[in-house]
1. Using only Cα atoms, tell me the angle between helix 3-17 and the longest principal axis of the chain; keep it within 0 to 90° and round to the nearest 10.
2. Taking the Cβ-Cβ separation of D38 and A68 as r and a Förster radius of 25 Å, what is the calculated FRET efficiency to the nearest 0.05?
3. With an 8 Å Cα cut-off and a minimum separation of 6 or more residues, compute the relative contact order for the chain in percent.
4. Which one is right for this structure if percent of Cα pairs over 19 Å apart is calculated from it: (i) 34; (ii) 57; (iii) 60?
5. With runs of 4+ DSSP H residues as the only contributors, calculate the mean residue ellipticity of the chain at 222 nm using -39,500 (n - 2.57) per run, divided by the residue total and rounded to the nearest 500.
6. Does anyone have the angle between helix 23-37 and the longest principal axis of the chain? Alpha-carbon axes, 0 to 90°, nearest 10?
7. For the chain, set up a GNM with springs between Cα atoms under 10 Å and report which of R77, R26, R64 has the largest fluctuation.
8. Would you calculate the separation in nanometres between label points at A8 and T54, each defined as 7 Å from the Cα along the Cα-to-beta-carbon direction?
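Read the figures in this text as sums done on the coordinates, not as results from a lab. Here the structure is a predicted model, which is why all the values come from computation and not from measurement. All Cβ positions, even for glycine, are placed from backbone atoms using ideal geometry, and neighbour counts span all protein chains on display.
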Amino acid sequence: MSASLQYAVIVIALIGFWAIVVRPARRSQQRAADFQHDLAVGDDVIIASGIYGTVRSLEDGTVRLEIAPDTVITVARQAVVGRVPEPEDHSSSDSEN
């Protein structure tokens, strides 16, 4: 195999690695950063440790969450990993049975 063909295979492999691994990871990081930037007071969220809470205040790098009545904790913005999904209303299917 010629040297130029070997270099071409290496370049193609690196491009493939970038397309399969690096690019999706970068997109995921960007979505997480956008989510953390868009947090608002009153949002129901979950943090990385599995604790659910309601955002009570936002500061530069921290979020104050109310996890129970009159119980507020301070966590890093990076610890907030998602919004709590709205509960689905199953009352219409229950009334049919």
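1. Rounded to the nearest ten degrees, it is 10.
2. 0.50
3. Answer for the chain is 20 percent.
4. (iii)
5. That calculation yields -11500 deg cm²/dmol at 222 nm.
6. Roughly 30 degrees, rounded to the nearest 10.
7. R26
8. Calculated label separation equals 6.4 nm.
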